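Undergrad: Structure in structure tokens, see below.
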Amino acid sequence: MNTQTLTALVNTDSEHLAGSLSTINPAPLAPAIITVSAEERAKLTKTGKALKEIYGNCENPAFISMLHLNAFKILPERIARLLSRMGADFSAQQYGAIVLKGLVDVDQEELGPTPASWREMDPEKLVEYGFISALLHGVVPSKPVEYFAQRRGGGLLHAIIPDNNMAWSQTGSGSRTDLFVHTEDAFLFNAADFLSFLYLRNEEQVPSMLYSIRSHGKPGPALECLFEPIYKCPKDANYDTDEALGEGVHTSVLYGNRNTPFIRFDAAEQIYNKEAGQLPEAMENLVNFWREAKTLIYNDFIPEAGDMIFVNNHLCAHGRSAFTAGYRNENGRMVKCERRLMLRMMSKTSLIGIQSVAHPENPYLVMEEHYGKVYDPARV
């Protein structure tokens, strides 16, 4: 058998196998939902308290430097295996998000009333949750990082609280409008690899939105054109218009393997922002893609206190439905309640890979401003 014949047979077999696998394993349309056991939850609670006694907070260099080792030694084995496997799975069947139901117990009385915004949040009340979140990132394995573009850094753990002054904004502090699905910091080349969203309160019963690029199956015509580097993405709604437009850099929306691509996308800024300045071809492509993508958004999950959503930021975009902060619907009546409170942590799998855009004195602080442009560290 000559080389050409062998190659043809291999290609034919591969195509047949791929077709068979796609039939056996259809495109994933929802995240895996894992119910954490009472025993696992008790172990995590005990761990958070113990680490607080030893290290004080999760940004302690002694804790962060030993994070991976501690994560594998301390975490419940089943949870460690799930996240470790997710960190190395970019296949066609990997949705890119896991829901961990009942991950932690939340003492609502000890937490106290939700403050008016994240600025007023007492960080001491969040310390134990920070340790638990960091361990989950560590087992991927990944290192928690902070972004100067997010709250001028603001630490490794962010409290996300609806702010009445930003109610109509396309930000985590908004509430009165749907937060369109987006990958975190789509305007950066060095955006987070993994995100965690730990819900301490969701009394308004706000559904979460998740959208995975894997839900399309093998990329078709609506996706193929997104590999072209012709798309703009301004900075998000935390910035004024002139500042948000940045450098006007063009990038692709999809990148990596063409059969199982990664995605960098923000519907609000790339499609609905009239100031983005998209080329006509780029806008047409984005609209066609969005028409298909919207049908694949998963919003059947309503987080409860103690739930976590863990996301691969290269595969899965996130968002949430609109709601009225501080009110829940009871039999058609709007009743006052404590406002939503969620904790976000971001991480990178390689600190070496971000050092060209990191603060020279803090390897965990990413100083990228917009597609490769870096904030002046002297102004921090």
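The values are calculated or read from the model by the stated rules, or taken from the named source; none is laboratory data. Keep in mind the model is a prediction, meaning the values are calculated, not measured. Reconstructed Cβ throughout: ideal geometry from the backbone, glycine too, with neighbour counts over all protein chains shown.
Undergrad: Answer yes or no: is there a residue in segment 303-319 that is farther than 20 Å from Lys218 by Cβ, aromatic (Phe, Trp, Tyr) and not in a strand (DSSP E or B).
TA: no
Undergrad: Only residues in segment 359-375 that are more than 17 Å from Phe189 (Cβ to Cβ) and buried (at least 20 other Cβ atoms within 10 Å of the Cβ) count as the first member; pair them with residues that are aromatic (Phe, Trp, Tyr) and at pLDDT below 95, Cβ under 8 angstrom, at least 6 apart or cross-chain, and list the lot.
TA: none
Undergrad: Working carefully through the options Gly87, Gly102, find the one that is within 16 Å of the chain's Cα centre (by Cα) and either touching a residue at least 12 places away in the same chain (Cβ under 8 Å) or closer than 20 Å to Phe301 by Cα (or both).
TA: Gly87
Undergrad: So, one more: Given the condition of a type outside the set (A, V, I, L, M), in contact (Cβ under 8 Å) with a residue 12 or more places away in the chain and over 27 Å from Arg264 (Cβ atoms), answer yes or no: does some residue in segment 294-303 qualify?
TA: No; the residues of segment 294-303 include none that is of a type outside the set (A, V, I, L, M), in contact (Cβ under 8 Å) with a residue 12 or more places away in the chain and over 27 Å from Arg264 (Cβ atoms).
Undergrad: Just one of (1) surrounded by 21 or more Cβ atoms within 10 Å (Cβ to Cβ); (2) assigned to a helix (DSSP H, G or I) trips up Glu109, so point out which.
TA: It is condition (1) that Glu109 fails.
Undergrad: A follow-up question, please. So which of Arg333, Arg340, Arg344, Arg291 ends up being on the phi < 0 side of the Ramachandran plot and at pLDDT below 95?
TA: Sole residue among the options that is on the phi < 0 side of the Ramachandran plot and at pLDDT below 95: Arg333.
Undergrad: Specify the residue that is farthest from Ile132 (Cα to Cα); the eligible residues are those in segment 172-229 that are in a helix (DSSP H, G or I) and among the small types (Gly, Ala, Ser).
TA: Ala222
Undergrad: Which members of segment 141-154 meet the condition of being part of a loop (DSSP other than H, G, I, E, B) and crowded, with 24+ Cβ neighbours inside 10 Å?
TA: Scanning segment 141-154 gives a single hit, Ser142.
Undergrad: In the set Phe289, Phe323, which member is crowded, with 16+ Cβ neighbours inside 10 Å and in contact with a Ser or Thr (Cβ under 6 Å, 6 or more places away or on another chain)?
TA: Answer to the selection: Phe323.
Undergrad: Please go through segment 260-286 and give me each residue that is of a type in the set (Ser, Thr, Tyr) and either surrounded by 20 or more Cβ atoms within 10 Å (Cβ to Cβ) or touching a helix residue (DSSP H, G or I) at 6+ places or on another chain (Cβ under 8 Å) (or both), ordered by number.
TA: Scanning segment 260-286 gives a single hit, Thr260.
Undergrad: Consider Gly220 against the criteria (1) over 13 Å from the mean Cα position of the chain (by Cα); (2) buried (at least 20 other Cβ atoms within 10 Å of the Cβ): it satisfies all of them except one. Which criterion is unmet?
TA: (2)
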